[in-house]
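Notes for the one structure printed next.
The values are calculated or read from the model by the stated rules, or taken from the named source; none is laboratory data. Everything numeric here is computed off the predicted structure, so don't read it as measured data. Using ideal geometry, Cβ is built from the backbone for each residue, glycine included, and neighbour counts are taken over all protein chains shown.
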């Protein structure tokens, strides 16, 4: 998986957003997972204990920008895999219930998964963000798989943005 870059800077070197985008980046926290994961759950479950991070905002007016990158696929035609972000026990997705989904007319079709969300938690307590996922239909969902063999690395990254 490629390294995420913004204005030709790696995520870890990023200290501010490009002009016109908004506030200053105060801190960046990232977690990764390079193990193939599977699920058959039709309710949202933790995708991986390592795709979880904690961040403590320095001000209640600050926002947390979350980015998730991975690959997903399902094992059956007509099934789908859906992924979202939870803050503690709260699903942050819009009314659909998920940020990214993969539905395929071909079994085992690997798809990139990337989504982001700007959270306004109004908190200075430690916040935990984690990737959750589920399947629909009679399928098995796969996370971090490569087209041929082996695994890819998934990531969840949190940026604290000055409010």
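Here 83, 114 are screened, and the one residue that is surrounded by fewer than 18 Cβ atoms within 10 Å (Cβ to Cβ) and in a strand (DSSP E or B) is 114. Please go through (1) within 15 Å of residue 102 (Cα to Cα); (2) surrounded by fewer than 18 Cβ atoms within 10 Å (Cβ to Cβ) for residue 46 and return the number of the only condition it doesn't satisfy. Going through (1) within 15 Å of residue 102 (Cα to Cα); (2) surrounded by fewer than 18 Cβ atoms within 10 Å (Cβ to Cβ) one by one, residue 46 breaks only (1). Restricted to segment 69-79, and to residues there that are surrounded by fewer than 19 Cβ atoms within 10 Å (Cβ to Cβ) and closer than 15 Å to residue 38 by Cβ, the residue that is modelled with the highest pLDDT is 75.
Residue selection: residue 98 fails the criterion of being under 26 Å from residue 27 (Cβ atoms), in contact with a strand residue (DSSP E or B) (Cβ under 9 Å, 6 or more places away or on another chain) and crowded, with 17+ Cβ neighbours inside 10 Å. Quick check: is even one residue across segment 125-135 under 19 Å from residue 59 (Cβ atoms), out of contact with any strand residue (DSSP E or B) (no Cβ under 7 Å at 6 or more places or on another chain) and not in a strand (DSSP E or B)? Yes, segment 125-135 contains a residue that is under 19 Å from residue 59 (Cβ atoms), out of contact with any strand residue (DSSP E or B) (no Cβ under 7 Å at 6 or more places or on another chain) and not in a strand (DSSP E or B).
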